[in-house]
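Take a look at the structure set out below.
Derivation of every value follows stated rules applied to the coordinates shown; laboratory data play no part. Being a predicted model, the structure only gives us computed values, none of them experimental. Reconstructed Cβ throughout: ideal geometry from the backbone, glycine too, with neighbour counts over all protein chains shown.
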Amino acid sequence: REPRLLFKLCRFLAPTMANEKLGPRAKLVLKICVLPALSMQANPNPALACAVFDLCLARLPYAQRYELYDSIHGGATERDGLRGGANGQPLKHPLQCLAETKAGRYTRYFLKRLSKDNV
């Protein structure tokens, strides 16, 4: 939840993405720490999202980038992420599900207002 820490982490990961030995570990850090933390920010931070993409994700090939995106979304969005997989464990961290639910609620609210104002 601390944007400065994520900026520093992205700057640290950027040179290691090209390294053959450290590249897989850097991708794991992106998958486990950076991308979920980006989605759980209390206030949207476009500069942080651009930094994550420019410093880390843009260096990855298209297929690997979308594998990371898929691992974050996990097929279940909002509250469905808490219902659990085959072993009964939740698919996502509860804070990530909460952030997705809030974003979905705000999106639906604004889309309803937009359609009411336009009609």
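Give the calculated FRET efficiency between residue 4 and residue 28 to the nearest 0.05, with a Förster radius of 22 Å applied to their Cβ-Cβ distance.
0.50
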Practice task
Taking a cut-off of 26 Å between Cα atoms, list the lysines near residue 112, but don't count ones fewer than 8 places away on the same chain.
Solution key: 102
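Taking 20 °C and 1.002 mPa s as the conditions, I'd like the Stokes-Einstein D for the stretch 1-69 in µm²/s, using the Kirkwood hydrodynamic radius from alpha carbon pairs.
179 µm²/s
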